[in-house]
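Note sheet for the following structure.
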Amino acid sequence: MQRLRRATPIALTLFLALVGGAFAGDNAGVNFTLTSATTISGVGPGETVTLDIAGSGYVAIKNLDVYVTVSDGADFNLGSSTLTAFAGWFALPGQLVSGTTDQVRVGAALLGAGGVDGDASFSVSL
């Protein structure tokens, strides 16, 4: 399967990271930092692109939704994409956001009791 149709650089931008209510309530002060490169080029068929994201100020989070803007979502095997979060979390493969061709959504959730507090990092691989 062809992973990238063009030889042009693929730009990956962390479009939005929403951590279960990060914009309201106890998690309104959560800060996210993309700790890996914001632009990745020279990616060929079968290669994986990984974004590392650091978060600080979590208060009992139980789910993550990460939106990534790519050059063309059809260039990726989204069924193989992953979000590696915290121990005990269940991740769902990526999918294109409805009505777009360049926005990929990847998520993960904690299905048990508790949540993540403080500072922690996670990775998204496409």
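Before moving on, here are some points about what is shown:
- Working note: Karplus 6.51/-1.76/1.60 with θ = phi - 60° gives region 74-81 the couplings 5, 7, 10, 8, 5, x, 9, 6 Hz, where Gly and Pro are set to x.
- From phi via Karplus (6.51, -1.76, 1.60), per-residue ³J(HN,Hα) for region 30-36 in Hz, x at Gly/Pro: 5, 10, 10, 9, 7, 9, 9
- Karplus (6.51, -1.76, 1.60) ³J(HN,Hα), θ = phi - 60°, over region 82-93, in Hz, Gly and Pro reported as x: 9, 10, 9, 10, 10, 3, x, 8, 9, 9, 9, x
- Each of the peptides 64-71, 38-45, 94-101 was scored by the mean count of other Cβ atoms within 10 Å over its residues; in descending order, highest first, they stand as 64-71, 94-101, 38-45.
- Its residue count N sets the reference 2.2 N^0.38 Å, and the alpha-carbon radius of gyration of region 10-125 equals 1.05 times that reference.
- Packing here is the average count of other Cβ atoms within 10 Å per residue, and on that basis the peptides 103-113, 78-88, highest first, run 103-113, 78-88.
- Where labels lie 7 Å past Cα in the beta-carbon direction, separation of S36 and L111 in nm: 2.5 nm
Computed from the coordinates by the stated procedures, all read-outs in this text should not be read as laboratory data. If you're wondering where the values come from, they're calculated on a predicted model, not measured in any experiment. Please note: Cβ atoms are built from the backbone with ideal geometry, for glycine as well, and neighbour counts cover all protein chains shown.
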